[in-house]
1. Check off (1) over 22 Å from THR266 (Cβ atoms); (2) under 35 Å from the mean Cα position of the chain (by Cα); (3) part of a loop (DSSP other than H, G, I, E, B) for SER99 and give me the number that stays unchecked.
2. Quick one: in segment 537-547, which of the residues that are within 16 Å of the ligand (Cβ to nearest atom) and of a type outside the set (Phe, Trp, Tyr) is nearest to GLY314 (Cα to Cα)?
3. What's the number of the condition ILE671 fails, among (1) open to solvent by 20 Å² or more (accessible area, probe 1.4 Å); (2) part of a loop (DSSP other than H, G, I, E, B); (3) among the aliphatic types (A, V, I, L, M)?
4. If I filter segment 302-314 for residues that are open to solvent by 10 Å² or more (accessible area, probe 1.4 Å), within 30 Å of TYR466 (Cβ to Cβ), at pLDDT 95 or above and hydrophobic (A, V, I, L, M, F, W, C), do I get at least one hit?
5. For the condition more than 16 Å from the ligand (Cβ to nearest atom), under 19 Å from ASP359 (Cβ atoms) and not aromatic (Phe, Trp, Tyr), what is the one hit in PRO411, PRO427?
6. Tally the residues that are open to solvent by 40 Å² or more (accessible area, probe 1.4 Å) and under 15 Å from PHE673 (Cα atoms), restricting the search to segment 635-659.
7. Only one of (1) within 30 Å of HIS394 (Cα to Cα); (2) open to solvent by 30 Å² or more (accessible area, probe 1.4 Å); (3) of a type outside the set (A, V, I, L, M); (4) out of contact with any Ser or Thr (no Cβ under 8 Å at 6 or more places or on another chain) fails for LYS468. Which number is that?
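The values are calculated or read from the model by the stated rules, or taken from the named source; none is laboratory data. Not measured: the values here are computed from a predicted model. For neighbour counting, all protein chains shown are included, and Cβ atoms are generated from backbone atoms with ideal geometry for every residue, glycine included. Heads up: the accessible areas ignore ligands, DNA and RNA and are worked out on the full protein's heavy atoms, side chains in. Shrake-Rupley method; radii C 1.70, N 1.55, O 1.52, S 1.80 Å.
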Amino acid sequence: MIQEEKGYFVLSTDNSSYIFRVLGTGHLDNVYYGKRLDDLTGIERLSTSGNLFLATIPYYDEEHQNLFPEIIRSEYPTPLKGDARESALEIEGKRGIESLTLLYDSYRIFKGKDFSFPAFANADEKTETLEIKLKDELLPIEVLLRYTVYEEEDVILRSATIINSTDSAIKLRNAASLSLDLPYDDFNLLTYSGAWGRERQEERRKLLSGIVVNDSKLGVTSNEHSPLVFLERELTGEVYGFNLIYSGNHRETVEVSPFGKTRVITGINPWLFEWKMQSGESFNTPEAIMTYGEKIEDASLSFHHFTNKYIIRGEWQYRERPVLINSWEAVYFNLEEEKLLALAEKASELGFELFVLDDGWFGSRRNDRRGLGDWYVSPEVFPDGLGSFSEKIHSMGLMFGLWMEPEMVNPDSELYRKHPDWVIEIPGRKAALTRHQAVLDITREDVRDYLYSSLEAVISSANVDYIKWDMNRTITDLFSSNPSCHSNGELQHRYVLGLYELAGRFTERFPEILFEGCASGGNRYDLGMLSFMPQIWTSDNTDLYQRMTIEAGTLRGFPQSAMGAHVSASPGHQSLRTSLIENRFDVAAFGSLGYELDLTKLSELDQEAIRNEIAFYKKYRKIFQFGDFRPLSSSDPELVFWSVTDGKTTIVMEFIKRMLPNTGKCDRLIIPFLSSDKHYRITNRRIIIPKEFFGDLWPQWNKEENEVFECVVSGDILSKAGILLPPRFMGNGLQSSISPVSDNGTRMYIIEEAQD
Ligand code: DGJ
């Protein structure tokens with residue numbers, strides 16, 4: 001709901017209120033963002049702007065000696081007008097950087113949305129948008145600020161449009177999507193950083209005076225710093241969450257001012273960015289979302305619900321994602337039709353639903369040095385073509401999926417030899433390479449046309465149900481031969497716009513295909529890609545322990561259905577860690593499940609385990625993919641609990657990081673969100689443990705009797721006191737009452753309402 005009264009704009013979601021007002025001077029001043037307020041009597045007492053005296057700080061003008069831009073809680077701050085904090089907008093005119101004062105002009109409120117950046121959030125009749133027009137007090141430069149309110153999801157979507165109504169060209173140096181000033185300075189900042197193989201590791205730091213920057217300069221959102229950030233108040237635990245619907249360079253600055261306030265700005269990274277705007281032109285920023293929650297789990301759920309409902313679209317929006325087998329870690333580049341068919345045969349036998357043919361099926365691509373860019377099926381690998389191969393896969397009852405990497409080229413390829421100028425490279429310098437590949441200049445229409453037509457022909461020639469869209473390097477060496485790219489400072493943003501245009505063409509042409517984004521694992525894991533592709537490959541690292549922290553970080557902001565999660569071989573190809581396939585499954589089950597290992601080489605027991613895992617996953621798939629995910633707290637730092645629920649059935653995974661003997665404790669499971677007035681039956685997912693796990697102790701193991709767990713407990717106990725789980729093995733023999741679990745061991749519990 002959006003209301004305007006006496007110069008106050010009040011935006012309400014089910015659980016939050018966002019309020020700002022127009023000061024007498026025309027400045028916008030944020031008044032409140034937090035727990036929903038329904039009675040606004042005395043709201044004037046909430047704002048400090050205009051009431052305080054500050055020494056040696058510039059005031060607005062002689063008539064407004066109490067109005068300090070430094071303490072106004074601006075909605076879109078500009079530089080050089082007395083506010084010494086980071087600004088949202090920087091414009092270069094004829095004389096260089098302009099000092100702008102954006103003042104209120106008008107507003108309109110309407111149902112739904114009437115603006116979309118190419119990657120965008122949907123809106124429906126339940127949503128409303130407030131658009132505020134600001135004008136500079138001197139120059140004919142206007143800014144439109146937009147706020148779309150998603151009541152049920154507790155999310156507000158923001159964006160801005162900059163309009164150049166001057167009679168000459170100006171240069172945009174910075175145009176943020178969102179700026180918010182909060183009147184507190186007791187925050188912890190949560191960020192999701194890392195690198196290949198360790199994406200989105202949660203880091204929590206206390207904010208002190210000054211600026212913290214979280215950004216990407218790599219041309220992609222990057223595995224180094226995700227645009228997802230949260231601010232958590234130390235005093236109350238309340239949380240503000242932010243994310244950007246964009247797939248390129250982004251920047252989030254969080255600044256604690258000397259006057260007790262914290263400013264968050266998010267948008268395209270101004271680093272090396274500039275954008276020429278001719279007279280009469282406008283520039284649209286990407287959209288950004290923000291949420292308020294009483295605790296982090298609430299903020300995460302708001303982002304999950306919002307993403308599932310308004311970011312992900314098309315036929316696969318709420319459709320259960322198939323269990324897939326991917327050829328990559330099974331055979332890498334050693335593609336032989338016979339071997340692939342044997343893999344698919346085994347997959348079909350074990351209950352899989354989708355076979356994905358990864359890298360290596362095209363041109364001369366027999367390793368990563370050659371062939372990228374030559375998008376025709378290799379007759380060496382598939383003498384009868386892909387159509388025939390895909391039909392063979394379908395005849396086994398499996399869907400067929402295909403890998404592609406449209407944005408890249410190997411210098412050793414027919415494409416590069418024909419069009420060396422299609423690469424992003426500075427004339428006279430050799431571009432930096434990664435994995436022997438260069439980046440195609442997809443700001444150019446002719447490049448996009450080639451990629452579309454060649455790949456469209458391949459996809460149409462076969463019966464394709466799924467596509468993995470990979471991208472295995474970052475952008476360097478800024479130069480484009482595209483004449484509409486006015487300067488190197490425009491290139492990275494134009495690249496993202498080109499990417500969206502191309503992705504849009506494919507997804508519109510093939511609406512029934514399930515697309516999965518990928519960039520060396522999770523190097524482009526963002527809401528922009530998700531608005532085209534319903535899921536993204538989270539990380540190349542499938543080691544269960546490391547994967548647990550990667551998934552935990554990812555799930556802070558993105559829903560399980562969007563998170564590609566695979567079980568692969570042991571010892572792991574990224575970690576050399578040995579683990580049970582049942583434990584690897586438990587961690588992967590909290591996303592869109594896949595396997596990528598050579599099924600034909602597995603022991604009978606592991607095959608039986610996979611068969612059971614897939615059957616279990618299918619039974620509860622809807623809950624795993626679309627239920628509410630919450631990590632549960634544990635007083636033991638070696639224990640992690642995750643839960644998913646649809647409100648009726650709850651599934652909990654217990655992850656034991658390190659086995660410690662003789663602690664005298666049993667693990668305590670508390671599920672705070674269960675109803676106190678119900679009773680629940682708790683059972684465990686019984687797993688297969690092979691002989692090798694036990695070594696000499698094997699003769700003591702009675703697999704029929706062990707780990708049978710079933711009890712009925714009141715919701716009152718479960719939600720408040722918790723229950724004790726079976727004691728763990730600690731060196732005293734394998735009696736039937738104990739749980740033989742070791743380092744990186746997992747167990748899964750199913751909690752269902754008990755009929756009394
Ligand atoms: C990187 C991806 O993350 C992998 O899953 C695999 O598809 C390889 N690329 C193939 O080259």
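1. Single failed check for SER99: (2).
2. THR538
3. (1)
4. There is no residue in segment 302-314 that is open to solvent by 10 Å² or more (accessible area, probe 1.4 Å), within 30 Å of TYR466 (Cβ to Cβ), at pLDDT 95 or above and hydrophobic (A, V, I, L, M, F, W, C).
5. Exactly one residue qualifies, and that residue is PRO411.
6. 3
7. (2)
One line per residue, one yes/no per condition, for (1) away from the ligand (no atom under 16 Å from the Cβ); (2) over 30 Å from PRO427 (Cα atoms); (3) open to solvent by less than 10 Å² (accessible area, probe 1.4 Å):
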residue	(1), (2), (3)
ASN472	no, no, no
ALA519	no, no, yes
GLY522	no, yes, yes
MET563	no, yes, yes
